[in-house]
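The values are calculated or read from the model by the stated rules, or taken from the named source; none is laboratory data. Predicted, not measured: the structure shown is a model, and the values here were computed from it. Ideal geometry is used to build each Cβ from the backbone, glycine not excepted, and the neighbour counts take in all protein chains shown. Note: areas computed on protein heavy atoms with side chains; ligands, DNA, RNA excluded. Shrake-Rupley method; radii C 1.70, N 1.55, O 1.52, S 1.80 Å.
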Amino acid sequence: MDPFTREESNIVEVDKPWLLRNIVPLCAVALLVAAVIIGILSWNLRQSAWESEARLEIMKATTPAEKVAKAKEYFGTQEAALALMQAASQQYDERDYASAVDTYNLYLQEYPKHPLRRGALLGRGLAMIANQQIEPAIQSLQEATQGNFDSVYRPAAMFELAQAYAQSGKKDLQVEVLTKLSEDYATSLYGRRAIELLAELNQPVAAQEASDEQEQG
């Protein structure tokens, strides 16, 4: 073997650096991440523009019917959700209870996880009571009382549920809900009203018990 051949055979091949060996897959990952980020930013910009457009268009609506119509054009936006709630409240104030129920139903259908959902359940229950739909109202109010203990709507929903039970002749359930309300929210407005109402409900019972005792004595 000549000297040149021997020297060449003793050369040890040095591996390329890790970065150079993986440059292609790294670039592919970087491009994918960039594409995702661009997509998210683009979606956010489109959503923001859609919200702004919805706000401007819904502001033009004055009647409940117009607000509902505009909301349908912009389903998926927060502005449409608020428009439906405003329209339903306005319909209730105008004593158009059937339309208020329909609008609350539309809101609950399109925005099942919206932060104002419990308020819509309460509003629908009140509109149903006013429209003499007591049993459906009870179901709506029951749903409004479930879940988050800290919800601002829960005490009101519990009180109205008790009233609905009273209208349907379910006195035991009325007392049960009022008792729970007075225990959970004793210092709130509805908690104090529950305590007062329980006292009124207990007066005839106490009077009857006293009368029975006198008769027995």
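Among the residues of segment 178-203, those that are in contact (Cβ under 8 Å) with a residue 24 or more places away in the chain, in a helix (DSSP H, G or I) and under 25 Å from the mean Cα position of the chain (by Cα) comprise L181, D184, L189, Y190, G191. If you go through segment 94-109 one residue at a time, do you hit one that is hydrophobic (A, V, I, L, M, F, W, C), under 21 Å from T145 (Cβ atoms) and at pLDDT below 95? Checking segment 94-109: not a single residue is hydrophobic (A, V, I, L, M, F, W, C), under 21 Å from T145 (Cβ atoms) and at pLDDT below 95. Identify the residue in segment 109-118 that is assigned to a helix (DSSP H, G or I) and within 8 Å of the chain's Cα centre (by Cα) and, among all such residues, is nearest to Q78 (Cα to Cα). The extreme case among them is R117. Might you check whether a residue that is within 19 Å of E176 (Cα to Cα), acidic (D, E) and either assigned to a loop (DSSP other than H, G, I, E, B) or open to solvent by less than 70 Å² (accessible area, probe 1.4 Å) (or both) occurs anywhere in segment 122-141? Checked segment 122-141: no residue is within 19 Å of E176 (Cα to Cα), acidic (D, E) and either assigned to a loop (DSSP other than H, G, I, E, B) or open to solvent by less than 70 Å² (accessible area, probe 1.4 Å) (or both). Regarding Y165, is this residue open to solvent by 20 Å² or more (accessible area, probe 1.4 Å), among the aromatic types (F, W, Y) and under 29 Å from Q91 (Cβ atoms)? No: the conditions fail for Y165.
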